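The values are calculated or read from the model by the stated rules, or taken from the named source; none is laboratory data. Predicted, not measured: the structure shown is a model, and the values here were computed from it. Glycine also receives a Cβ, built like all others from the backbone with ideal geometry; neighbour counts cover every protein chain displayed.
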Amino acid sequence: MMQVSGWFVGAFIIAAVAVVTAARWLSKRNILSGRKPISLVEMYQQDATSIGVSYEVFEKVLDVIGQAYRVDPRMLRLSDKLKALYDLDSWDLGEGTEELNERVAKDFGIVHFETEPKTIAELISEIERQTGVG
């Protein structure tokens, strides 16, 4: 009897991990669907110069987001809603969002935003504003 229940628990755990992995993959695919990688320099020249941020902050924030959520930064867009990344992260029990918050605190010295950013562009702008970099 013990072997059957151990086997059942093991199979259940493997199935649960597979479901979470598949759900995360589908969420990421949905968010990034139809996109092609754009070099960060090109993205900055096309979109970020209009919001008045330095390339240094732009590149670093996109790199931090990419590392936290395990997404190629060249696939991100400034108009992406942070909520979409948070939703993607829910399959990983908030690990990416936690890492993003820790990296923003460590790399930029920011632990609280006066205005909660809703998009990647707003996050970059707010970091630059609060740090005075650029």
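Rundown of residues vs (1) in contact with a strand residue (DSSP E or B) (Cβ under 9 Å, 6 or more places away or on another chain); (2) modelled with pLDDT of 90 or more; (3) at negative phi, yes/no style:
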{"site": "Y86", "(1), (2), (3)": "no, no, yes"}
{"site": "D89", "(1), (2), (3)": "no, no, yes"}
{"site": "G94", "(1), (2), (3)": "no, no, no"}
{"site": "E102", "(1), (2), (3)": "no, yes, yes"}
{"site": "I110", "(1), (2), (3)": "no, yes, yes"}
{"site": "F113", "(1), (2), (3)": "no, no, yes"}
{"site": "E122", "(1), (2), (3)": "no, yes, yes"}
{"site": "I127", "(1), (2), (3)": "no, yes, yes"}
{"site": "G134", "(1), (2), (3)": "no, no, no"}
Fill in: One residue from A18, A23, A48 being modelled with pLDDT of 65 or more and of a type in the set (A, V, I, L, M, F, W, C)
A48
Worksheet entry | Criterion: assigned to a loop (DSSP other than H, G, I, E, B) and of a type in the set (S, T, Y) - qualifying residue of T49, T97, T115 | T115
Discussion item. Going residue by residue through region 73-80, is there one that turns out to be loosely packed, with under 15 Cβ neighbours inside 10 Å, touching a Gly at 6+ places or on another chain (Cβ under 9 Å), in a helix (DSSP H, G or I) and touching a residue at least 40 places away in the same chain (Cβ under 8 Å)?
Written reply: no
